[in-house]
Number of protein chains: 2
Amino acid sequence: MRIYLIFLKFESIIKIMSNSSRKILSEHSVSITNPRILVLEALMEFGNPITIDELQLKLKDSVAKSTLYRVLNDLKKINILNEFTSPDNSTVVELILEDHPHHHHLFCSDCGEVIDVELSDEFELMLTKEIEKIQKNFNFEIKDHRVEMIGLCTEECANCK
Amino acid sequence: MRIYLIFLKFESIIKIMSNSSRKILSEHSVSITNPRILVLEALMEFGNPITIDELQLKLKDSVAKSTLYRVLNDLKKINILNEFTSPDNSTVVELILEDHPHHHHLFCSDCGEVIDVELSDEFELMLTKEIEKIQKNFNFEIKDHRVEMIGLCTEECANCK
DNA sequence: CTAATAAATGAGACTTATTCTCATTTATTG
DNA sequence: CAATAAATGAGAATAAGTCTCATTTATTAG
């Protein structure tokens with residue numbers, strides 16, 4: 001078993017993310033612009049789903065508010081951005097790249113954190129069967145589903161009131 | 001087997017709903033006012049979850065906008081109103097009275113209709129187990145959950161574009 | 001049943017998230 | 001590198017929801 005230890009300077013990480021942002025944009029035939037790169041980098045750096053408020057805060061000195069919303073809409077159009085509303089009514093956004101598996105969300109109703117969670121394959125299978133039943137009963141064609149779980153993260157969380 | 005056919009005039013139905021609205025309010029020690037009765041009646045009459053826009057339209061000649069929002073907040077406070085955001089970002093509201101069982105929602109992404117659906121007991125049991133696992137893994141206390149299904153209702157729907 | 005008081009209402013001003021406009025800047029392409 | 005189409009920034013416009021305050025209504029104590 002070989003172990004590699006890789007040290008990367010912060011600037012190198014930024015460069016890698018910037019490159020991958022460029023790649024994502026060109027793969028979707030979207031022109032490569034500075035605001036788009038900055039938004040993608042911020043989303044990648046944060047990792048988890050993020051509220052538009054937080055994103056705006058991170059980018060307030062580099063991307064105009066109107067441009068931020070426009071870029072988010074662009075990313076939605078090419079299907080790499082998922083947008084939803086959290087139970088406390090803030091708009092949350094997350095990047096969905098190829099390696100991002102099917103997942104659901106866990107919301108802390110205190111600090112507002114949103115966490116991606118995967119549920120077991122058996123569960124997803126069972127949900128698929130339920131969905132088939134519903135489709136028949138209601139004459140509905142179901143294209144997508146999501147499970148949202150709402151609760152509280154532990155006291156250790158620094159952001160919880 | 002005895003069959004009862006019951007004919008009720010429209011006015012009688014309204015009177016029944018009005019009475020039950022009064023009952024609901026007094027049971028929750030909330031003062032009985034005209035706007036509150038009108039909002040409850042409208043929610044009961046519609047039956048399904050309804051967008052605030054539609055509700056506002058139904059009540060625009062009888063309840064002021066500010067009062068409508070205030071009444072909805074009052075109903076949330078006494079835990080008989082559930083509010084959520086549909087995938088097309090409109091705010092949806094539904095009455096949750098004693099006889100309203102645990103359920104989930106089906107959204108038509110075309111006409112915006114929202115339908116209550118119940119899932120099987122086995123499914124709910126399995127979901128409970130998944131939730132227990134998640135609680136442990138993420139050090140999270142899960143208080144509530146919801147399953148949302150998004151799709152299209154059939155062509156027969158008059159409201160679909 | 002009525003008067004006194006506390007609570008609720010209506011109308012419209014205010015706030016805040018998101019979209020739109022338009023003059024300027026930037027990316028793409030040939 | 002120039003021409004052209006697309007994207008951006010700044011701030012105006014829109015719309016959902018909240019707030020203010022003068023007026024009305026419901027509740028209750030007597």
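Between A:Asp116, A:Asp144, A:Asp121, A:Asp99, which is over 21 Å from B:Gln135 (Cβ atoms), more than 10 Å from chain B (Cβ to nearest Cβ) and surrounded by fewer than 17 Cβ atoms within 10 Å (Cβ to Cβ)? Reasoning before the result, please.
Details: A:Asp116 fails: over 21 Å from B:Gln135 (Cβ atoms); A:Asp144 fails: more than 10 Å from chain B (Cβ to nearest Cβ); A:Asp121 fails: over 21 Å from B:Gln135 (Cβ atoms).
Sole residue among the options that is over 21 Å from B:Gln135 (Cβ atoms), more than 10 Å from chain B (Cβ to nearest Cβ) and surrounded by fewer than 17 Cβ atoms within 10 Å (Cβ to Cβ): A:Asp99.
Restricting the search to the range A:14-72, which residues are within 14 Å of another protein chain (Cβ to nearest Cβ) and within 14 Å of DNA strand D (Cβ to nearest atom)?
Within the range A:14-72, A:Tyr69, A:Leu72 qualify.
For the range A:81-114, give me each residue that is near DNA strand C (Cβ under 9 Å from one of its atoms), assigned to a loop (DSSP other than H, G, I, E, B) and of a type in the set (D, E, K, R).
Listed by number, the list is empty, since nothing qualifies.
Take the range A:68-80 and flag every residue that is assigned to a loop (DSSP other than H, G, I, E, B) and of a type in the set (A, V, I, L, M, F, W, C). First the steps, then the outcome.
Taking the range A:68-80 and keeping what is assigned to a loop (DSSP other than H, G, I, E, B), we get A:78-80.
Scanning the range A:68-80 gives A:Ile78, A:Ile80.
Tell me, yes or no, whether the range B:153-160 has at least one residue that is more than 7 Å from chain A (Cβ to nearest Cβ), at pLDDT below 95, under 21 Å from A:Ile134 (Cβ atoms) and within 14 Å of the chain's Cα centre (by Cα). Outline the logic, then answer.
Of the residues in the range B:153-160, the ones more than 7 Å from chain A (Cβ to nearest Cβ) are B:155-160.
Retained after the next criterion (residues that are at pLDDT below 95): B:155-160.
This time we only want the ones that are under 21 Å from A:Ile134 (Cβ atoms), so: B:155-157, B:159-160.
Still in the running and within 14 Å of the chain's Cα centre (by Cα): none.
No, that holds for no residue.
Do the conditions hold for A:Ile78, that is, is it closer than 16 Å to A:Ile96 by Cα and either near DNA strand C (Cβ under 8 Å from one of its atoms) or surrounded by fewer than 15 Cβ atoms within 10 Å (Cβ to Cβ) (or both)?
Details: closer than 16 Å to A:Ile96 by Cα: yes; either near DNA strand C (Cβ under 8 Å from one of its atoms) or surrounded by fewer than 15 Cβ atoms within 10 Å (Cβ to Cβ) (or both): yes.
Yes, satisfied.
Could you list, ordered by first residue, the pairs with Cβ atoms under 9 Å in which the first is in the range A:47-67 and in the same structural domain as A:Leu95 (by TED's automatic domain parsing) and free of Cβ contacts under 8 Å to residues at least 12 places away in the same chain and the second is in a helix (DSSP H, G or I) and more than 15 Å from DNA strand D (Cβ to nearest atom), at least 6 apart or interchain?
A:Glu54/A:Phe46
The values are calculated or read from the model by the stated rules, or taken from the named source; none is laboratory data. This is a predicted model, so every value here is computed, not measured. Backbone-built Cβ (ideal geometry, glycine too); neighbour counts: all protein chains shown.
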